[in-house]
1. Just one of the numbered conditions (1) modelled with pLDDT of 90 or more; (2) in a helix (DSSP H, G or I); (3) more than 27 Å from N5 (Cβ to Cβ); (4) polar (S, T, N, Q) is not true of N204; which one?
2. I need the full set of residues from the stretch 252-270 which are at pLDDT 90 or above, assigned to a loop (DSSP other than H, G, I, E, B) and out of contact with any Lys or Arg (no Cβ under 8 Å at 6 or more places or on another chain), in order please.
3. Across the stretch 276-293, which residue is farthest from V256 (Cα to Cα) among those that are free of Cβ contacts under 8 Å to residues at least 24 places away in the same chain and surrounded by 13 or more Cβ atoms within 10 Å (Cβ to Cβ)?
4. With respect to A247, is the statement that it is farther than 27 Å from P376 by Cβ and touching a Ser or Thr at 6+ places or on another chain (Cβ under 6 Å) true?
5. So, in the stretch 16-75, how many residues would count as being of a type in the set (S, T, Y), within 28 Å of N96 (Cβ to Cβ) and assigned to a loop (DSSP other than H, G, I, E, B)?
6. Looking for whichever is over 14 Å from the mean Cα position of the chain (by Cα), over 13 Å from V150 (Cβ atoms) and of a type in the set (A, V, I, L, M) here; the options are L221, L189, L236, L211. Which one fits?
Amino acid sequence: MVLKNNFYKIKTSSIEAGKATFRVALQSKHFVYQAHFPNNPITPGVILIQIAVELFEEIQNSHYSIQTLKNVKFIAPVSPLEFPETDFLLEFSGNNLKVLIKEKENVFAKMSIMVARTTKPQIQYSIPKFCIIIPVYNAENLIGDVIKSVLQCADNLIIVNDGSTDGTLAAIAGADLQAVPLITATHRLQIGESAVELVSYEKNRGKGYALQHGFKRALELGFTHAVTLDADGQHLASDISVMAQRATENPDSLIVGSRKFDNQNMPQGNVFANNFSNFWFMLQTAKKLPDTQTGFRVYPLQKIGKMRLFTNRYEAELELLVRSAWRGILLVSQPINVYYPPVNERVSHFRGGKDFFRISVLNSVLCFAAIIYGYPNMLIRKILSIQK
């Protein structure tokens, strides 16, 4: 597993004959901290060991696996909030590695590790690399708060401006608006202490189109999984760690957020629309999901990131679910919280008759495709899995 530039970053390094010192910045917003130790993050010992081996790999410019551990002493916990930067002191001779982890006078751990060179790198995605994708269209009054809440819980944010015509772009860029001289481009913004990717284009093309552009950019940046949530403030950023943890447990699955439909503020139209969508989804895949319309999901990018969608707007999220099921991608439901603002504060770009018509057409097409492709494909995959 590779933790560099994900769980930690190398700030400085000093390498001599048989010795090296690395200054390491721990990423307190990493999902491991957020999922397990949100209020008092402590770096697990196994993570410290893995970081030490990866630093040794930096020196040797080769890949190594751990053979034996001895004289391991965890003396004090390493908290990225109290000690955001930590020193790793390495002494090495051949394949023997001695490690001291400290910060000034604070000693956290000591260990001796015997490693062996490997011909292939260790599995790159044992720990997934997550990004957050928010597609946004005309949400100037909400997007600023949504961005702020997300950056308090996670890094690696990608925003896709789907041809907004109001002040959304200015609300996204804020003080860094000068960094966005063109509407149609990809920009890297500095929002507070966080670097944020902004993908922007001039004409509104729909949520599905925006998601595809977000997936494309995420793959270019080397992410393995994308957590998607809406820009209207209904999804709670505090649930990102829960969704990421579920994806870590099921790395090849598509994690689908499931709302609580007994929420007294939930519009009744949403309940009907979801039941309607669930019915068609079951008909097209022979599978059940409690919530097929939520935009809060975790997509395994290597499996769906390059999928060419037939649709570009709201119905694209249903298409993603159905075609993922046909491909044999496991769909895992995860309960999430949701906030419904007062009626006069809600933002929706659902276009009544037009979008309902598009969804109906898509369902008809998917039902036909299920007969000639979907069901046969799922049957073949099931037979092959049995034979294995």
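The values are calculated or read from the model by the stated rules, or taken from the named source; none is laboratory data. In this text the structure is predicted, and so the values were computed from the model without any measurement. Glycine gets a Cβ as well: all are built from the backbone with ideal geometry, and neighbour counts include every protein chain shown.
1. Condition (2) is where N204 drops out.
2. First, the residues of the stretch 252-270 that are at pLDDT 90 or above: 252-258.
Of the ones still in play, those that are also assigned to a loop (DSSP other than H, G, I, E, B) are 252-253.
The one that is at pLDDT 90 or above, assigned to a loop (DSSP other than H, G, I, E, B) and out of contact with any Lys or Arg (no Cβ under 8 Å at 6 or more places or on another chain): S253.
3. Within the stretch 276-293, the first condition is being free of Cβ contacts under 8 Å to residues at least 24 places away in the same chain, and the residues that meet it are 276, 278-279, 282, 288.
Checking which are surrounded by 13 or more Cβ atoms within 10 Å (Cβ to Cβ) leaves us with 276, 278, 282.
Details: F276: 17, N278: 13, M282: 15 Å.
Filtering the stretch 276-293 for residues that are free of Cβ contacts under 8 Å to residues at least 24 places away in the same chain and surrounded by 13 or more Cβ atoms within 10 Å (Cβ to Cβ), the one farthest from V256 (Cα to Cα) comes out as F276.
4. Values: farther than 27 Å from P376 by Cβ: yes; touching a Ser or Thr at 6+ places or on another chain (Cβ under 6 Å): no.
Against the criterion (farther than 27 Å from P376 by Cβ and touching a Ser or Thr at 6+ places or on another chain (Cβ under 6 Å)), A247 does not qualify.
5. Residues of the stretch 16-75 that are of a type in the set (S, T, Y), as a first pass: 21, 28, 33, 43, 62, 64-65, 68.
Still in the list and also within 28 Å of N96 (Cβ to Cβ): 21, 43, 62, 64-65, 68.
Applying the additional criterion that residues be assigned to a loop (DSSP other than H, G, I, E, B) yields 43, 62.
Final tally of qualifying residues: 2.
6. Numbers: L221 fails: over 14 Å from the mean Cα position of the chain (by Cα); L236 fails: over 13 Å from V150 (Cβ atoms); L211 fails: over 14 Å from the mean Cα position of the chain (by Cα).
Going through L221, L189, L236, L211 in turn, the sole match is L189.
To keep it simple, each residue is scored yes or no on (1) assigned to a loop (DSSP other than H, G, I, E, B); (2) crowded, with 17+ Cβ neighbours inside 10 Å; (3) modelled with pLDDT of 85 or more; (4) out of contact with any strand residue (DSSP E or B) (no Cβ under 8 Å at 6 or more places or on another chain).
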| position | (1), (2), (3), (4) |
| --- | --- |
| K102 | no, yes, yes, no |
| F108 | no, yes, yes, no |
| Q124 | yes, no, no, yes |
| I159 | no, yes, yes, no |
| D176 | no, no, no, no |
| H187 | no, yes, no, no |
